[in-house]
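Q: Sharing a structure here in structure tokens format.
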Amino acid sequence: MAKITKELLLEKGIPKHSKLEQIKKINLSKLHLKTSDLDPKLFSQLRKLEELDLSGNLLTEIPDNLGLVNLKLLNCADNDMDQITSLNQFKNLEDLICEDNIYLTICDIHKIIYLLPNLRTLNGKDVTSRANHLRFVNSQKLMSLVTDFWEKRFKAQLTETPTAAEIKAVAKYFVKSAIAEIKYGPNSLSEYTKWRVEAIATEFVTSLLQQENQVSSESEGGEDEDEGEAHHTYKSLVLEPLHFLQCHSRDNDPEDLSTQLWACAFEPEIKNSLIPDGGLQSSPIVATCGGDSVCFIDCETGMVRHKYKSVGEEFFSLAWTTLTVIVKDQKRKINVLATGGQMGVVKLIHVKVNYCYGKIKAHKRSISTLCFCPNRETFLFTGSYDKTIVLWDIGVPDCDYNFRATQLLVLKVCSTPLKMCPVPPCFDQYLVAACERGCFAWDISLTKYESKRNIKMEFLFPISNKKDSKSDCSIVDSLTFCNDDLVASKTSMQGSIYLWSWSQTLKRWNKRSTKVKAVILRQVEWSNTDEVYIALTACPAENYLVCGDEKGDVWMYELDEVANEETTSGKKTSPTQILKWPAIEAQGEIIEGTLINNVTTDPEFKYLVAVTDKNIIVIWKRT
């Protein structure tokens, strides 16, 4: 049909009149109207219009600036509307009917209740008390949370009399971090909460700038701010919960909230392949293990691409490598996942075809940890509860998946190894491991004859928050290299994480003894929990360190300004930010928080994945 005309409005209007300015009611329902049919120039002439019926049309939204300043009742039910915040223009609106718009969410409804100061009924129900709660109780609580967030996390980054440039530099990260981290109310209203937090935080920043303008109004120096001024601000990362999965359930039991998930790692990007291997240019696939299965999950869609099960097994660890194979006389690269657990057997999985092509009986007891040597694609270290670490050459499979695994070294450990890292940049020389009785290093050079090696170094750390300690070592349950020199390690019950220098510690080592004090560069605050086996992960792309905790939170540390000088003060540095556990509903109950055993990020830090002890995987996406 034709667009709405003046004649149509006069025909449908009440009372009947020759001028649009006198119309008070119009029924435009069931006319197949689209949003583009509502002409603001035409509708703005309806200055006395109080009631408008647009129900049963094809509207996706109400255009801005319709000019209906006296509108009191609007019926836009049974349309295709996906947002209604544009109704904010109708400040005198008292009654709104918007039901049967399938794209509108409960968060959209809360937004419009907040935005319309005179709204009394919504879809025929009185919303006065709900509106008052949103405008006053809810808003006051969120204002308090935003203010506290600023005071605790960002205020200290400003000088005593900050300039507008300083405020703007900090404010940019403050608003984004507030949106991502401040939680209030049920999870179903999280979008509404983020919307309000953004508005409140932005208003808060505006008030700070106004205060600064008042302070500087009488001073000279009113030039434009120098945006290039060298002020350090934390790179607070904004991460939104994207997917929640429960894909490791035993016997596919949807009520399984007890299977513990232990490890996760992103599939590596295949580079420099002479024959492309399916286009894995920036893989969003993450592998997770726990119970009797390993899952390969697409982080963007939340779909489980493949699942490998081994009846009777309980998987504890996994590690990726990219092998160069020969196919029809040409080189081709394939990604292989090694995984192991209770049975002491390493399973080798060609992920693209979801085929376990090999098994290595690596240990007589359970495998606790796995890692590949970064510069040797076939070298796999396996750590076990039998108190040994073994270096294997897993070989390269042929076109029929025949392969040969060879044991190269056995490293003797005094306790169970929990996390291992070859030392960069010379990966062939030393291996460092966090173990149940301390942190140790071994010489792994293959130029030496002996195939069994004893501990070469034992690293000593100061122990805090452990009054009954009689020695200078306890469980070191995780470690990782943050760069070529900086090591992060975590000791049981100390409530912090040590950042220490490998090169400086190595220089301090007296080779007549195995013991050497680690050269600690910084001590960062972490959860003061008795829980162990919570793994650290380094994120080189953003120079970040991340670690979960027993409450379901993820602690994040920016490492840009770690000094190269030893510290002995024992002072703990606060985390850059703490990513809070998103409230999740499972089996009709809200899971408020759970122990996070491991977290990982993809190389570009687009996604962050956490695995928990309640069979729940959480995937955040960076915004």
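Q: Could you grab me the full set of residues in region 115-128 that are within 36 Å of the chain's Cα centre (by Cα) and surrounded by fewer than 12 Cβ atoms within 10 Å (Cβ to Cβ)?
A: Within region 115-128, none qualify.
Q: I would also like to ask the following. Here are Leu486, Leu460: which of them is surrounded by fewer than 17 Cβ atoms within 10 Å (Cβ to Cβ), at pLDDT 90 or above and among the hydrophobic types (A, V, I, L, M, F, W, C)? Walk me through it before giving the result.
A: Values: Leu486 fails: surrounded by fewer than 17 Cβ atoms within 10 Å (Cβ to Cβ).
Result: Leu460 is the single residue among Leu486, Leu460 that is surrounded by fewer than 17 Cβ atoms within 10 Å (Cβ to Cβ), at pLDDT 90 or above and among the hydrophobic types (A, V, I, L, M, F, W, C).
Q: Quick one: which residue in Ile62, Ile4, Ile112, Ile26 is of a type in the set (Val, Ile, Thr), in contact with a helix residue (DSSP H, G or I) (Cβ under 6 Å, 6 or more places away or on another chain), part of a strand (DSSP E or B) and surrounded by 15 or more Cβ atoms within 10 Å (Cβ to Cβ)?
A: Among Ile62, Ile4, Ile112, Ile26, only Ile26 is of a type in the set (Val, Ile, Thr), in contact with a helix residue (DSSP H, G or I) (Cβ under 6 Å, 6 or more places away or on another chain), part of a strand (DSSP E or B) and surrounded by 15 or more Cβ atoms within 10 Å (Cβ to Cβ).
Condition check ((1) of a type in the set (A, V, I, L, M, F, W, C); (2) at pLDDT 85 or above) across all residues:
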site: Lys141; (1), (2): no, yes
site: Val146; (1), (2): yes, yes
site: Phe154; (1), (2): yes, yes
site: Glu166; (1), (2): no, no
site: Phe174; (1), (2): yes, yes
site: Ser190; (1), (2): no, yes
site: Lys194; (1), (2): no, yes
site: Val197; (1), (2): yes, yes
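Q: Does region 351-394 hold any residues that are open to solvent by 10 Å² or more (accessible area, probe 1.4 Å) and touching a Cys at 6+ places or on another chain (Cβ under 8 Å), and which are they?
A: Cys371, Phe379, Lys387
Q: Could you say which residue among Lys141, Lys155, Lys183, Lys168 is closer than 14 Å to Thr202 by Cα and either in contact with a Leu (Cβ under 6 Å, 6 or more places away or on another chain) or open to solvent by 60 Å² or more (accessible area, probe 1.4 Å) (or both)? Outline the logic, then answer.
A: Values: Lys141 fails: closer than 14 Å to Thr202 by Cα; Lys155 fails: closer than 14 Å to Thr202 by Cα; Lys183 fails: closer than 14 Å to Thr202 by Cα.
Checking each option against the conditions leaves just Lys168.
Q: Report yes if some residue within region 208-230 is over 30 Å from Cys539 (Cβ atoms), surrounded by fewer than 16 Cβ atoms within 10 Å (Cβ to Cβ) and modelled with pLDDT of 75 or more; otherwise report no. I'd like the intermediate steps shown before the answer.
A: First pass over region 208-230, keeping only residues over 30 Å from Cys539 (Cβ atoms): 208-226.
Applying the additional criterion that residues be surrounded by fewer than 16 Cβ atoms within 10 Å (Cβ to Cβ) yields 209-211, 213-226.
With modelled with pLDDT of 75 or more added as a condition, the list becomes 209.
Checking region 208-230: at least one residue is over 30 Å from Cys539 (Cβ atoms), surrounded by fewer than 16 Cβ atoms within 10 Å (Cβ to Cβ) and modelled with pLDDT of 75 or more.
Q: I've got another one for you. Inside region 65-97, can you point out the residues that are under 23 Å from Pro15 (Cβ atoms) and either open to solvent by 60 Å² or more (accessible area, probe 1.4 Å) or assigned to a helix (DSSP H, G or I) (or both)?
A: Val69, Asn70, Lys72, Asn92
Q: Could you say which residue among Asp251, Asp292, Asp256, Asp329 is at pLDDT below 95, surrounded by fewer than 20 Cβ atoms within 10 Å (Cβ to Cβ) and in contact with a helix residue (DSSP H, G or I) (Cβ under 9 Å, 6 or more places away or on another chain)?
A: Criteria check complete, one pass: Asp256.
Q: Of these, Asn79, Asn75, Asn118, Asn101, which one is out of contact with any Gly (no Cβ under 6 Å at 6 or more places or on another chain) and at pLDDT below 90? Talk me through it step by step, then tell me what you get.
A: Numbers: Asn79 fails: at pLDDT below 90; Asn75 fails: at pLDDT below 90; Asn101 fails: at pLDDT below 90.
Residue meeting the stated conditions: Asn118.
Q: Restricting to region 429-448, give me the number of residues that are in a loop (DSSP other than H, G, I, E, B) and touching a Phe, Trp or Tyr at 6+ places or on another chain (Cβ under 9 Å). It would help to see each step written out before you state the result.
A: Residues of region 429-448 in a loop (DSSP other than H, G, I, E, B): 429, 436-437, 444-448.
Pick out the ones that are also touching a Phe, Trp or Tyr at 6+ places or on another chain (Cβ under 9 Å) and you get 444-445.
Going through region 429-448 one residue at a time, the tally reaches 2.
Q: Search region 120-148 for residues being β-branched (Val, Ile, Thr) and in contact (Cβ under 8 Å) with a residue 24 or more places away in the chain, and hand back the single one that is farthest from Phe90 (Cα to Cα).
A: At the first step, the residues of region 120-148 found to be β-branched (Val, Ile, Thr) are 121, 127-128, 137, 146-147.
Filter again for in contact (Cβ under 8 Å) with a residue 24 or more places away in the chain, leaving 121, 146-147.
Numbers: Thr121: 14, Val146: 29, Thr147: 31 Å.
The extreme case among them is Thr147.
Q: Still on this structure, I have one more. Do we have Tyr173 as under 21 Å from the mean Cα position of the chain (by Cα), in a helix (DSSP H, G or I) and closer than 14 Å to Lys111 by Cα here?
A: On the way: under 21 Å from the mean Cα position of the chain (by Cα): yes; in a helix (DSSP H, G or I): yes; closer than 14 Å to Lys111 by Cα: no.
Criteria not met by Tyr173.
Q: List the pairs whose first member sits in region 549-571 and is closer than 13 Å to Cys482 by Cβ, whose second member is outside any strand (DSSP E or B) and modelled with pLDDT under 90, and whose Cβ atoms are under 6 Å apart, counting only residues at least 6 apart or on separate chains?
A: Glu558/Tyr234; Glu558/Lys235
Q: Identify the residue in region 309-319 that is surrounded by fewer than 21 Cβ atoms within 10 Å (Cβ to Cβ) and out of contact with any Gly (no Cβ under 8 Å at 6 or more places or on another chain) and, among all such residues, is farthest from Ser366 (Cα to Cα).
A: Among residues in region 309-319 that are surrounded by fewer than 21 Cβ atoms within 10 Å (Cβ to Cβ) and out of contact with any Gly (no Cβ under 8 Å at 6 or more places or on another chain), the one farthest from Ser366 (Cα to Cα) is Lys309.
Q: Let me ask you something else. Being at pLDDT below 95 and within 20 Å of Arg404 (Cβ to Cβ) is the filter here; which residues of region 359-376 pass it?
A: Result: Arg376, single match.
Q: In addition: How many of the residues in region 403-428 are assigned to a strand (DSSP E or B) and either free of Cβ contacts under 8 Å to residues at least 60 places away in the same chain or closer than 17 Å to Tyr385 by Cα (or both)?
A: The initial filter retains those residues of region 403-428 that are assigned to a strand (DSSP E or B), namely 406-412, 417-422.
Filter once more, so that each one left must be either free of Cβ contacts under 8 Å to residues at least 60 places away in the same chain or closer than 17 Å to Tyr385 by Cα (or both): 406-412, 417-420, 422.
Residues that pass the stated criteria total 12.
Q: Please go through region 487-543 and give me each residue that is of a type outside the set (Val, Ile, Thr) and assigned to a helix (DSSP H, G or I), ordered by number. Spell out how you get there, then give the answer.
A: We begin by selecting, within region 487-543, every residue of a type outside the set (Val, Ile, Thr); these are 488-490, 492-496, 498-504, 506-513, 515, 517-518, 521-523, 525-528, 530-531, 533, 535-536, 538-543.
Matches in region 487-543: Trp502, Ser503, Gln504, Leu506, Lys507, Arg508.
Q: Can you report the number of residues in region 503-556 which are within 20 Å of Pro422 (Cα to Cα), polar (S, T, N, Q) and surrounded by 19 or more Cβ atoms within 10 Å (Cβ to Cβ)?
A: Number satisfying all stated conditions: 2.
Q: If you don't mind, another one. Of all the residues that make up region 557-605, how many are open to solvent by 70 Å² or more (accessible area, probe 1.4 Å) and part of a strand (DSSP E or B)?
A: Final tally of qualifying residues: 4.
Q: Can you report the number of residues in region 34-59 which are assigned to a loop (DSSP other than H, G, I, E, B), of a type in the set (Gly, Ala, Ser) and surrounded by fewer than 19 Cβ atoms within 10 Å (Cβ to Cβ)? Spell out the reasoning first.
A: Within region 34-59, the first condition is being assigned to a loop (DSSP other than H, G, I, E, B), and the residues that meet it are 34, 38-39, 44-50, 54-59.
Add one more test, that the residue is of a type in the set (Gly, Ala, Ser), and what stays is 44, 55-56.
If we keep only those that are surrounded by fewer than 19 Cβ atoms within 10 Å (Cβ to Cβ) as well, we get 44, 56.
Count: 2.
The values are calculated or read from the model by the stated rules, or taken from the named source; none is laboratory data. Note that this is a predicted model, so its numbers are computed, not measured. With ideal geometry, Cβ positions are generated from the backbone for all residues, glycine too; neighbour counts draw on all protein chains shown. Ligands, DNA and RNA are excluded from the accessible area calculation, which covers all protein heavy atoms including side chains. Shrake-Rupley method; radii C 1.70, N 1.55, O 1.52, S 1.80 Å.
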